[in-house]
1. Can you name every one of the strands (runs of 3 or more DSSP E) wholly within the range 367-482 that holds 1 or more residues which are under 25 Å from the mean Cα position of the chain (by Cα)?
2. Determine, yes or no, whether residue 99 is outside the structural domain of residue 243 (by TED's automatic domain parsing) and at pLDDT below 90.
3. Pick from the range 43-56 the residues that are within 23 Å of residue 425 (Cα to Cα) and in contact (Cβ under 8 Å) with a residue 12 or more places away in the chain: which of them is surrounded by the most Cβ atoms within 10 Å (Cβ to Cβ)?
4. Sort out which residues of the range 263-290 are more than 22 Å from residue 192 (Cα to Cα) and touching a helix residue (DSSP H, G or I) at 6+ places or on another chain (Cβ under 8 Å), and write them in order of number.
5. Which of the residues that make up the range 175-189 are in contact with a helix residue (DSSP H, G or I) (Cβ under 9 Å, 6 or more places away or on another chain) and either over 22 Å from residue 412 (Cβ atoms) or not in a loop (DSSP other than H, G, I, E, B) (or both)?
6. Looking only at residues in the range 391-428 that are out of contact with any strand residue (DSSP E or B) (no Cβ under 9 Å at 6 or more places or on another chain) and within 21 Å of residue 276 (Cβ to Cβ), which one is surrounded by the fewest Cβ atoms within 10 Å (Cβ to Cβ)?
7. Collect the residues in the range 92-102 that are over 36 Å from the mean Cα position of the chain (by Cα) and either in a loop (DSSP other than H, G, I, E, B) or exposed (fewer than 14 other Cβ atoms within 10 Å of the Cβ) (or both), keeping them in residue-number order.
């Protein structure tokens, strides 16, 4: 039985060579992983399809509702290969970036981007790899750009080359992204993460490509154009990821925490699940415990109101993936005990009164606000959200209620989609013909699952079962469990 965790913040963990063994994956899911991420930038399609099937099988075996997120690679500009042990780039050295597909050296780095000269300007910053090495464009020359090394270090293999995104001519999604999106949607993944989103239209391209599949889309905010368009992107997305790695390359590092808070705040206000990602526990790739700074980072993401926190290389290639998940679970749970969720809910109520959207969401958002206040007044132990699309449970989650939050649906895909929403415990239940039956069977199902008990008071949110999917939730009942 999938018992509720004490932690309400959801955990996304990346699957990789260190975590594909069935016993390791099972331990990772049992430790609190809610969403498994498949990084399509690495490995073959067949490998990812096998991993998808593996996650489904293990989740069924241990009785947990676990979603799968496939992360599309997006456009990637890379340097030509460095020979042997690579090259040491020293601070102050002048090197040439050349639009070419040949090998790279310490004096001339080739870049597989034909428009390099056209898209760079003197004063631009160019970053190599994970951001440790940065170059400043001094002047443009025939076939390339002369750059001064600002932050040096050793480069090996074929490192990524990060150019100013506002002038980058590569489109998102790429043709390869669209092909991968169709394949993974047909295979039944729950979420597709779209990399390097710059506008809502990028998401619409993916949505059109995967039709008639209704796989939910996660917009990765990792460019400055995306930051500027975050409201329209959130309106189009099913979830948003604050991808701090590339965002920290695109903008000054000191801006990243403030952008994180701003993006999270907006997403919670509009009821779009938001993930905080990148380097959350990176030291645990090789260490048995996180750094103090990483612990504070996770706690601050929880204080910001994030729905989920994400692990990347820590679980993909780290020394002990289940231990990483357990540590993140403990840290998030401890932070939740100090989070000012009641103040958050009061503020959100004020915001909502000032800018409620048009129907049908207006009714759903209003009744979930009322449910939050009623739950406190009635001393409710749980709030039960009967939902076909998941919208009611997501709207309720915005208020970060103290009572246990349960989403009930006959649709297993809907239940898995709630794996990204703060605090929502998903339960499958059958279809009902009347609202009275819906309320009755929701309470009975929660009792059967051991989530509520006789003598407790619960709230039930529902809509009329005979109305079309997408209609507003307009029923709120307070039930004393007998």
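1. Where strands (runs of 3 or more DSSP E) fall fully within the range 367-482 and carry at least 1 residues being under 25 Å from the mean Cα position of the chain (by Cα), they are 382-386, 404-409, 424-428.
2. For residue 99, the condition - outside the structural domain of residue 243 (by TED's automatic domain parsing) and at pLDDT below 90 - is not met.
3. Residue satisfying both the conditions and the ranking: 55.
4. Once the filter is applied, which keeps residues that are more than 22 Å from residue 192 (Cα to Cα) and touching a helix residue (DSSP H, G or I) at 6+ places or on another chain (Cβ under 8 Å), the range 263-290 yields 265, 269, 281, 282, 283, 284, 285, 288, 289, 290.
5. 177, 178, 179, 180, 181, 182, 183, 184, 185, 186, 187 - these are the residues of the range 175-189 that are in contact with a helix residue (DSSP H, G or I) (Cβ under 9 Å, 6 or more places away or on another chain) and either over 22 Å from residue 412 (Cβ atoms) or not in a loop (DSSP other than H, G, I, E, B) (or both).
6. In this case the residue turns out to be 400.
7. 92, 93, 94, 102
Every residue, every condition in (1) without any contact (Cβ under 8 Å) to a residue 12 or more places away in the chain; (2) part of a loop (DSSP other than H, G, I, E, B); (3) in contact with a helix residue (DSSP H, G or I) (Cβ under 6 Å, 6 or more places away or on another chain), yes or no:
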position	(1), (2), (3)
7	no, yes, yes
28	no, no, yes
32	no, yes, yes
36	no, no, yes
41	no, yes, no
58	no, no, yes
64	no, yes, yes
70	no, no, yes
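The values are calculated or read from the model by the stated rules, or taken from the named source; none is laboratory data. These numbers were taken from a predicted model, which means no experiment stands behind them. Cβ coordinates were reconstructed from backbone atoms using ideal geometry, including for glycine residues, and neighbour counts include every protein chain displayed.
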